[in-house]
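A short write-up of the structure that comes next.
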Amino acid sequence: MRDPAPDSAVRPCVLVPVYNNVATIAGVIAEIRRFLDQVMVVDDGSTDGTQEILKATESITLVRHDHNRGKGAALQSGFDRAADLGFTHVITMDGDGQHTAADLPAFLRTIHDRPEALVLGVRQLAAPGRRPMKSRLLRAHSNFWVWLETGVRTADSQTGFRAYPLAPINALTFKCRKYDFEIEVLVKALWAGTPVVTIPQRVTWGPGSGSHFRPLRDFALVSQLNARLLALRLLLPPAVCAVIFRQTFARLSLPGRLHALLKQTFSGEAATPGRLSVAVGLGVTFGILPIWGFQMLAGLCAAHWLRLNKPLVLAASNISFPAMLPVILYASLVTGGWLLGRSPLPKLFQFQLTPSNAWAWATDYLVGSVVLAVFAGAVTAALVFAAMKISGRTRRT
């Protein structure tokens, strides 16, 4: 039974990417048509008779690849064609019959209520026909990585039963063409600010529903993608991640890209004077702390956890550049010796390290450097905050 017609401003179609699904594709299309007439099929170079079945099927929009390019490439071809035909949303279903067309009304209602959102079907993995434990483990693994990369917890980041709002999705750029595409599009959509909602989804694994997923090769592709996305998320501010994968950014000249990156880096994310000054102070703190070799990494992790401007933290952590190292070491020793009540140190460059005083000076340094790092970071943050406030008042007058 069909749901009532949605808002005329919302025009969805169902997109089915297929590759050698001769045993199931006709039934899948027939089931979809019980709920929605607009069906698009992207044949990704099938060689088993699927092409002949699709040619004989009336009233579908057919896109064909001359050779197998991968599921991601099939989905992108479908997105482009759907946009050209005036559709606003695409509901993706697999061609092997595992997705239940009876769930389409729930997707259509959700699209009508939340047209701006990407809708994920959460698979109910207790379905018969396949051991659910493997699917649960793979889903939990994928969900964990998506959470690390976006800070958003998703219930099923691997599902292929989704509803995409075409305008924000087609505004992004993608590199993946295989099974890794569905992770890439989810992460980049979240970075760009597209909300994600979930609804329950049933699955059935019957004859002909075998997956084309190749465990070693495709898992390696997904792992490589996750490593790259996580590195970007750690190194770049969220505001930068939100713009660098937009089509408009890709069309900019090199100077235009640099200008956009600098603007987003320093003013595109919660860039209040307080947060920016804390970012600089935090960088100075980690730059002085006695964790040589890990100062920038620790500062980067702290900035990520606190959602501060990472480039500012990294830049400020470079306070321990070679010319400043003797000053920082000496100041740490002086501070530690004063706090621990030891005798004053000789002048800079005039003291000698001997076995008898090595432990005492090491203790002085460790204690002094921690205290100096916190004090210097706090003072720097206060000075930056004051300077920004004064500068702001000057500009307004």
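The values are calculated or read from the model by the stated rules, or taken from the named source; none is laboratory data. The structure displayed is predicted, hence computed values, not measured ones. Cβ placement follows ideal geometry from the backbone for every residue including glycine, while neighbour counts extend to all protein chains displayed.
Count, please, the residues in segment 26-40 that happen to be over 17 Å from His89 (Cβ atoms) and touching a helix residue (DSSP H, G or I) at 6+ places or on another chain (Cβ under 6 Å).
2
Residues in segment 249-260: is at least one modelled with pLDDT under 90 and more than 29 Å from Ala171 (Cβ to Cβ)?
Scanning segment 249-260 turns up no residue that is modelled with pLDDT under 90 and more than 29 Å from Ala171 (Cβ to Cβ).
Restrict the check to segment 171-190 and report whether at least one residue is under 20 Å from Trp145 (Cα atoms), of a type in the set (Ser, Thr, Tyr), at pLDDT below 90 and touching an Asp or Glu at 6+ places or on another chain (Cβ under 6 Å).
Within segment 171-190, one or more residues are under 20 Å from Trp145 (Cα atoms), of a type in the set (Ser, Thr, Tyr), at pLDDT below 90 and touching an Asp or Glu at 6+ places or on another chain (Cβ under 6 Å).
Can you work out which of the residues in segment 131-170 that are farther than 25 Å from Val10 by Cα and among the aliphatic types (A, V, I, L, M) is modelled with the lowest pLDDT?
Looking at residues that are farther than 25 Å from Val10 by Cα and among the aliphatic types (A, V, I, L, M), I get Met133.
Any residue in segment 291-316 that is outside any helix (DSSP H, G or I) sitting within a Cβ distance under 6 Å of a residue that is crowded, with 17+ Cβ neighbours inside 10 Å and not small (Gly, Ala, Ser)? List the pairs, counting only those 6 or more apart or interchain.
Asn309/Pro237
Suppose we keep only residues that are surrounded by 16 or more Cβ atoms within 10 Å (Cβ to Cβ) and of a type in the set (Phe, Trp, Tyr) within segment 308-361. Which one would you say is modelled with the highest pLDDT?
Among residues in segment 308-361 that are surrounded by 16 or more Cβ atoms within 10 Å (Cβ to Cβ) and of a type in the set (Phe, Trp, Tyr), the one modelled with the highest pLDDT is Tyr330.
Restricted to segment 55-78, and to residues that are surrounded by 21 or more Cβ atoms within 10 Å (Cβ to Cβ) and among the hydrophobic types (A, V, I, L, M, F, W, C), which residue is nearest to Ala163 (Cα to Cα)?
Looking at the filtered set, the residue picked out is Leu75.
Being farther than 17 Å from Phe79 by Cβ and without any contact (Cβ under 8 Å) to a residue 60 or more places away in the chain is true for just one of Val146, Val187, Val197, Val122. Which residue is that?
Answer to the check: Val146.
Got at least one residue in segment 269-291 being at pLDDT below 80 and of a type in the set (Lys, Arg)?
no
Starting from residues that are buried (at least 19 other Cβ atoms within 10 Å of the Cβ) and not aliphatic (A, V, I, L, M), keep the ones in segment 362-384 and report whichever is farthest from the chain's Cα centre (by Cα).
Asp364
Filter segment 75-112 for residues that are among the basic types (Lys, Arg) and more than 18 Å from Arg34 (Cβ to Cβ) and give the result. Working first, answer last.
Quick first cut of segment 75-112, residues among the basic types (Lys, Arg) only: 81, 109.
Across segment 75-112, the qualifying residue is only Arg81.
One residue is enough: does segment 173-180 have a residue meeting the conditions within 15 Å of Gln247 (Cα to Cα), assigned by TED's automatic domain parsing to the domain that holds Ala83 and touching a residue at least 24 places away in the same chain (Cβ under 8 Å)? If you could, list the steps in order and put the result at the bottom.
Keep residues of segment 173-180 that are within 15 Å of Gln247 (Cα to Cα), which gives 173-175.
Now drop any that are not assigned by TED's automatic domain parsing to the domain that holds Ala83, which leaves 173-175.
This time we only want the ones that are touching a residue at least 24 places away in the same chain (Cβ under 8 Å), so: 173-174.
Within segment 173-180 (the criterion being within 15 Å of Gln247 (Cα to Cα), assigned by TED's automatic domain parsing to the domain that holds Ala83 and touching a residue at least 24 places away in the same chain (Cβ under 8 Å)), the answer is yes, since at least one residue qualifies.
If I ask for residues that are in contact with a helix residue (DSSP H, G or I) (Cβ under 6 Å, 6 or more places away or on another chain) and under 17 Å from Thr110 (Cα atoms), which ones from segment 157-201 would you list?
Ala163, Leu166, Thr194, Ile199, Gln201
Cβ-Cβ under 6 Å, sequence separation 6+ or interchain: first residue in segment 73-97 and hydrophobic (A, V, I, L, M, F, W, C), partner surrounded by fewer than 24 Cβ atoms within 10 Å (Cβ to Cβ) and assigned to a loop (DSSP other than H, G, I, E, B). Which pairs?
That search, which allows pairs on different chains as well, returns Ala73/Arg177; Phe87/Arg11.
Identify all residues within segment 85-118 that are surrounded by fewer than 17 Cβ atoms within 10 Å (Cβ to Cβ) and of a type in the set (D, E, K, R); write none if there are none.
Result: Arg109, Asp113, Arg114, Glu116.
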